[in-house]
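No value in this document is a laboratory result; all are computed from the given coordinates. Since the model is a prediction, treat every value here as computed from it, not as a measurement. Cβ placement follows ideal geometry from the backbone for every residue including glycine, while neighbour counts extend to all protein chains displayed.
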């Protein structure tokens, strides 16, 4: 039976207060190098175990646990079943959600469940010490200026040509500068299918290490490029109204990052960003009255 190295087994036992009787690697989802396991406990119940395997992933696991601790009992959170931090490789264990539906595919009921989940998240009073979007260091504004300074990474993706980009850049950049994303609402800030479990008509959100405060409409909009990329409805079918500034902002973020070199500790991120660039760039063009990217 495959299992972690002995030191990590001891850490998991310390977190769960019992030794699992079965282990298997969790192969679905996960954008970082954290170690992930599905375990069976002696009483027959299961748990999903995440181990911070690098300095970055250890910090992410600690941040996620803090959010769970401060928002314990909220209906959009999984149950935490164990925690241990020896200062080196923290272990977070949550309930096993394998029996839920992890989209795609998407249907209207699933989309509505996520929207209801986000409404609950945004109506929840955030913890006092939660950072803002700006304090997280997430660079959204000015990304089209980055593309203008060096368009080669974006052009290498084949999403648009030189002529289209040259004509569209001033419009995209100006719209992005008008976009507002700050606010006082609780945001998850990483809403994608690999962090969403649908069960009993509800959506649960996992991976809360990017939680912050900001504008709820921005969070809803930020989910939509991945939703469309996975066969779901277009952004216009989900948003309550036009959002040219947010569409331009999100397209700028994904288009300015997708063509960059890969991230060793997060090897799937560039692929995910490319998928969202493919849907967000045409969305921005539609919202701004630009020709389709070509």
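Region 141-185 has equivalent-ellipsoid semi-axes of 24, 11, 9 Å, by the square roots of 5 times the alpha carbon gyration tensor eigenvalues, sorted largest first. Size estimate for region 70-155 follows the Kirkwood approach: the inverse of mean 1/r over distinct Cα pairs works out to 17.5 Å. In terms of packing, defined here as the mean over residues of other Cβ atoms within 10 angstrom, the peptides 68-77, 136-145, 123-132, 271-280 line up highest first as 271-280, 136-145, 68-77, 123-132. A Förster radius of 41 Å, combined with the Cβ-Cβ distance separating residue 10 from residue 294, puts the computed FRET efficiency at roughly 0.10. How far, in degrees from 0 to 90, does helix 216-229 lean away from the longest principal axis of the Cα atoms of the chain, to the nearest 10? Between the helix axis and the principal axis of the chain, the angle is about 90 degrees. The candidate values were (1) 63, 51, 38; (2) 62, 36, 36; (3) 75, 71, 34; the one computed from these coordinates for Cα extents along the principal axes in Å carries the label (2). For the peptides 158-165, 10-17, the ranking by packing is 10-17, 158-165, with the highest mean count of neighbouring Cβ atoms within 10 Å listed first.
Label separation (residue 24 vs residue 269): 3.0 nm, computed from points 7 Å beyond Cα along the C-beta direction. Computed over region 6-95, the quotient of the alpha carbon radius of gyration and 2.2 N^0.38 Å is 1.01. Distance between the pseudo-spin-label points of residue 237 and residue 120 (7 Å out from Cα toward the beta carbon): 2.5 nm.
Cα axis of helix 162-178 to longest principal axis of the chain: angle in degrees, 0 to 90, nearest 10? In the chain, helix 162-178 runs at an angle near 70 degrees to the longest axis. Distance from the C-alpha centroid of region 95-124 to that of region 125-203: 21 Å, rounded to the whole angstrom. On C-alpha positions alone, give me the angle between the axis of helix 6-16 and the longest principal axis of the chain, in degrees, nearest 10. It works out to around 90 degrees.
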